[in-house]
Amino acid sequence: MLDVGQANELKLAFRRGNWTNKEIKVLLEGDMLTRVREVILGRSEIKPIEHFVDFNADPMIPDGWSVVEHKRGGLMKWDPSKVKLHLSENQQGSGHIEGNELRKELESQSIYNANLLDFYLAHPELIPEEWKGKVVCFWGTIYRNSGGRSCVRFLSSDGGQWHWSYGWLGND
């Protein structure tokens, strides 16, 4: 039987784990607690889901667009520690850099193609928290939009929703 002290311990544990009310509600539905108990008793286990990104696959191509360049990179087990953001020295502070110049600067860097962008859109729960408020470009795929301009797709969020858009390489 749960007493007041144990209920308070649960409350504090949920707080420490940054649980939301929605997540607690899911834990209390159906047989979820029974399944958690099976883990505690050593009769079951929890395994992380393995995700893979196929960098060899053809990228998504918006209507009327074409692919100028698509750097392939094989099948990769998703590992957030392998994905690093690059900020050019020219972008520091209030600085800026023209897209084609940044593209040249990135030639010697390890970059990911637009397949990772589409992976993240399919799994927004895996997008790093620190990316909120940023524009994250995927320089491994360069497109030509319907207006004939070279561009790169990027990932950004507004109002908590993640979406893609694009930037023309001739812009800062």
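Read-outs throughout are calculated quantities, based only on the coordinates presented, and are distinct from any laboratory measurement. Everything quoted here is computed from the prediction, not taken from an experiment. When we count neighbours, we look across all protein chains shown, and the Cβ atoms used for this are built from the backbone with ideal geometry, even at glycine.
For this structure, a couple of remarks:
- The long axis of helix 4-16 is offset from the longest Cα principal axis of the chain by roughly 10 degrees.
- Unsatisfied cross-links (Cα-Cα over 31 Å) in the set 25/47; 104/134; 82/104; 11/84; 22/71: 11/84; 22/71
- Here the sum of -39500 (n - 2.57) over DSSP H runs of 4 or more residues, divided by the residues of the chain, equals -7500 deg cm²/dmol at 222 nm, to the nearest 500.
- Choice from 162, 131, 19 with maximal GNM fluctuation in the chain (Cα, 10 Å cutoff): 19
- Gap separating the Cα centres of segment 98-172 and segment 18-96, nearest whole Å: 16
- Simple rule: put +1 on each Lys or Arg Cβ and -1 on each Asp or Glu Cβ in segment 1-109, find the dipole, and look at 57, 10, 95; the Cα lying farthest toward the positive end is 10.
- Relative contact order of the chain, defined on C-alpha pairs under 8 angstrom at six or more residues apart (%): 20
- Pairwise Cα distances in segment 52-168 exceed 22 Å for 33 percent of all pairs.
- Potential lengthening between residue 57 and residue 90 on full extension [0.36 nm per residue; Cα-Cα distance subtracted]: 8.6 nm
- Among 116, 102, 27, residue whose mean-square fluctuation peaks in a GNM of the chain (springs only between Cα atoms under 10 Å): 27
- Three semi-axes of the equivalent ellipsoid, segment 1-53, Cα gyration tensor, whole Å, largest first: 24, 16, 11
- Here the Karplus relation 6.51 cos²θ - 1.76 cosθ + 1.60, evaluated at θ = phi - 60°, turns the backbone of segment 114-126 into coupling constants of 5, 5, 6, 4, 5, 4, 5, 5, 6, 9, x, 5, 9 Hz, with x for every Gly and Pro.
- Here the Karplus relation 6.51 cos²θ - 1.76 cosθ + 1.60, evaluated at θ = phi - 60°, turns the backbone of segment 155-166 into coupling constants of 10, 8, 10, 8, x, x, 9, 8, 8, 10, 8, 8 Hz, with x for every Gly and Pro.
- Dipole magnitude of the chain about its Cα centre (Cβ charges: Lys, Arg +1; Asp, Glu -1), debye to nearest 20: 220
- Here the calculated FRET efficiency for residue 12 and residue 47, from their Cβ-Cβ distance with R0 = 35 Å, stands at 0.80, rounded to the nearest 0.05.
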